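Undergrad: Below is one structure. I have some questions about it.
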Amino acid sequence: MLELHDVSVSFAGLQALRNVSLSARGGEVRALIGPNGAGKTTLFNAITGYVPLSAGRIALDGKAIDGLSPHQIAARGVRRTFQNGGLFPELTALENVLAGLHSRIEASFTGILFGSRSARAAERAALARARELLKSLGVAHLADQPVKSMSGGQQRTIEIVRAVAAEPPLLLLDEPAVGLAPPLRAQLVELIRRLAGEMGIAVLLIEHAVDLVMAAADAVAVFNGGVKIAEGPPAAMRADPVVLEAYLGHG
Amino acid sequence: MRFFLIPLAAAAIPLVANPYTQFMVNLMLVYILVAVGFNLVLGNLGQLAFANTALFGIGAYTGAMLMAHAGWPFWLVIVPAGVAGAAAGFLASVTALRGIRVYYLAIVTLAFGELLRWSYIHGERATGGTDGLAVPRADFFGLALDSETARFYVFLVIVTVLVKALHNLLRSKIGRAIVAIRDNELATASLAIPTGRYIVLAFVLSGFVVGIAGSLFAVLIGRVIPESFGLIELILHFAMVLVGGLGSLFGGVLGAVALTALPEFFRGFPGMYEMFFGGLLIVFLLVQPRGLAALAARWFPALRERYYRER
């Protein structure tokens, strides 16, 4: 379970986030919505260690993770996707997913150099797991394609597969539906529901499309100007005058 | 096991080669290590570090000085030459980790190479200055390396072991981490991969391999001089990686073999080699930036660089 207490982030005097408290628990999809510049991606960057906090605390299962570097936070079981795409373009889908399994492969340096039996077995197990994941999430046919040759929707799917490969308890998705055609959006909603429902992952979802948020999220947190202005069930948020004001009020 | 077919076939070369062609083949073996070592940082890690002649020179001088001044046998200096190269690689990696990247890293590492060359020239008592240092007759566990054939077999074993180890490494989690950093360093860290550690590792391994190449070079040529490790040499190393294929182990081998053999075709035509060499670099940069290896992979998909192994 993730807990943020009064988290603030500022860049050179500009306050990007102010006293944000938020939580996420397993099996639940929580959407973060708000106009551009509201601080949603900054919040992701703060949770995953890409930007330092100026105040506040972030804890995962009761243990502080703020101040750790991105790879250390990832090692605690936090995975994310990137708004501009975080795949390795020269690698295939399979190789990308294998990179997501990196910390799961128990092989020593010398074992790898000399091709020891145990190192090869560990690699083989990861390879089987990666293929199985691609299959179970419906993209087995893309396994051997370099991701740079894929469509935007395929790339976003592969990035999600890679992010969940190591079965993280917490997953942060940054605008996964951008540029997706409507049928693919429905598939994405289904995928996100499965990650939370079947795998028990706590999902934080940044998304602009209201229909997708309504379909995928159990709860919605609304941001504006670096502040969390409202939080609650999707239907309630849709009718909340504060939320409407933030989206429509000042134009 | 298919991997070993190549060195096994190569083992027959002395049956057909005269001492001169055998010397050229030995030089190819040295340059195979130079190119695959350089490629690890330049092609796989994607860092514009041009310390390769520095690593090569440190290995050559470490080997030559230990043999000439301390009387060490050849087999005993190989690992220290590699370690000296690895130490220099470590220095370059620290530069890269401090955020000095791309053109700045290129300039800093170039300057490092020139600084070392200056120190070879001015450290006369240890290095022999501009005249260089003669390498005493080498022997390998009692086997005198006084013929090209003897050197060939020893070099072939060393090169096979090192290239095979790199081959294993590149098809493992380590190889994937290194190319992942090249493709997207921030995203790599998000997968619990300690990027800094793998950047250092790639530089150190590159230095180790190229440093060993330096010690083989010293034994093959019989003398180390500062001029062997200048900018022209660096351009040759760069061309081998580029023509062979950035980020491809097989490409590094191809590039080393092709560009070591190339001058032989221009022996009767003074000045032509330099022109052809320059033209070749331009053509590859513009038309085939992924080198011969990518061309080969287009015809034989099985040769495509893979970062995992089925068995």
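The values are calculated or read from the model by the stated rules, or taken from the named source; none is laboratory data. A quick note: this is a predicted structure, and the numbers were derived from the prediction, not measured. For neighbour counting, all protein chains shown are included, and Cβ atoms are generated from backbone atoms with ideal geometry for every residue, glycine included.
Undergrad: Taking the range A:109-135 as the region of interest, how many residues are aliphatic (A, V, I, L, M), within 11 Å of chain B (Cβ to nearest Cβ) and over 17 Å from B:Ile174 (Cβ atoms)? Show your work before the answer.
TA: Step one: list which residues in the range A:109-135 are aliphatic (A, V, I, L, M), which gives A:112-113, A:119, A:121-122, A:125-128, A:130, A:133-134.
Among the residues that remain, those that are also within 11 Å of chain B (Cβ to nearest Cβ) are: A:112-113, A:119, A:121-122, A:126-128, A:130.
Still in the running and over 17 Å from B:Ile174 (Cβ atoms): A:128.
Within the range A:109-135, residues that are aliphatic (A, V, I, L, M), within 11 Å of chain B (Cβ to nearest Cβ) and over 17 Å from B:Ile174 (Cβ atoms) number 1.
Undergrad: Something else: Filter the range A:1-44 down to residues that are among the acidic types (Asp, Glu) and more than 14 Å from the chain's Cα centre (by Cα) and give me whichever is surrounded by the fewest Cβ atoms within 10 Å (Cβ to Cβ). Working first, answer last.
TA: So in the range A:1-44, the residues among the acidic types (Asp, Glu) come out as A:3, A:6, A:28.
The next check asks that each one be more than 14 Å from the chain's Cα centre (by Cα); those that pass are A:3, A:6.
Values: A:Glu3: 16, A:Asp6: 12.
So the residue we want is A:Asp6.
Undergrad: Can you tell me which condition A:Gly152 does not meet? The list is (1) modelled with pLDDT of 95 or more; (2) at negative phi, and all the others hold.
TA: The failed condition is (1).
Undergrad: Considering the range A:46-70 alone, what residues qualify as being crowded, with 21+ Cβ neighbours inside 10 Å and facing chain B (nearest Cβ under 10 Å)?
TA: Across the range A:46-70, the qualifying residues are A:Thr48, A:Gly49, A:Pro70.
Undergrad: Report whether or not B:Leu295 is more than 14 Å from every other protein chain (Cβ to nearest Cβ), out of contact with any strand residue (DSSP E or B) (no Cβ under 8 Å at 6 or more places or on another chain) and in contact (Cβ under 8 Å) with a residue 40 or more places away in the chain.
TA: no
Here is a yes/no grid of residues against (1) over 14 Å from B:Glu148 (Cα atoms); (2) in a helix (DSSP H, G or I); (3) more than 15 Å from the chain's Cα centre (by Cα):
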| site | (1), (2), (3) |
| --- | --- |
| B:Pro7 | yes, yes, yes |
| B:Asn26 | no, yes, no |
| B:Ala35 | yes, yes, no |
| B:Asn39 | yes, yes, no |
| B:Gly43 | yes, yes, no |
| B:Ala49 | yes, no, no |
| B:Ala54 | yes, yes, no |
| B:Ile58 | yes, yes, no |
| B:Met65 | yes, yes, yes |
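Undergrad: Separate question: Answer yes if at least one residue in the range A:138-153 is within 19 Å of the chain's Cα centre (by Cα), more than 9 Å from every other protein chain (Cβ to nearest Cβ) and either crowded, with 24+ Cβ neighbours inside 10 Å or under 25 Å from A:Ala24 (Cβ atoms) (or both), and no otherwise.
TA: No: zero hits.
Undergrad: Give me the helices (runs of 4 or more DSSP H) completely within the range B:141-228, filtered to those with at least 3 residues that are over 30 Å from A:Lys148 (Cβ atoms) and either of a type in the set (Val, Ile, Thr) or free of Cβ contacts under 8 Å to residues at least 12 places away in the same chain (or both), ordered by residue number. Quick ask: steps written out before the conclusion?
TA: On the way: elements: B:148-170, B:173-183, B:185-189, B:195-221.
So the answer is B:148-170, B:195-221.
To keep it simple, each residue is scored yes or no on (1) charged (D, E, K, R); (2) surrounded by fewer than 19 Cβ atoms within 10 Å (Cβ to Cβ); (3) closer than 21 Å to A:Glu123 by Cα.
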{"residue": "B:Thr149", "(1), (2), (3)": "no, yes, no"}
{"residue": "B:Val154", "(1), (2), (3)": "no, no, no"}
{"residue": "B:Val157", "(1), (2), (3)": "no, yes, no"}
{"residue": "B:Lys164", "(1), (2), (3)": "yes, yes, yes"}
{"residue": "B:His167", "(1), (2), (3)": "no, yes, yes"}
{"residue": "B:Arg176", "(1), (2), (3)": "yes, no, yes"}
{"residue": "B:Ala180", "(1), (2), (3)": "no, no, yes"}
{"residue": "B:Leu186", "(1), (2), (3)": "no, yes, no"}
{"residue": "B:Ile193", "(1), (2), (3)": "no, no, yes"}
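Undergrad: Can you confirm whether B:Leu205 is within 14 Å of another protein chain (Cβ to nearest Cβ) and closer than 27 Å to B:Ile78 by Cβ?
TA: Answer is yes for this residue.
Undergrad: Residue under question is A:Leu87, and the condition is that it be at the interface with chain B (Cβ under 9 Å from one of its Cβ atoms), in contact with an Asp or Glu (Cβ under 9 Å, 6 or more places away or on another chain), modelled with pLDDT of 95 or more and assigned to a helix (DSSP H, G or I); does it hold?
TA: When the stated conditions are applied, A:Leu87 does not pass them.
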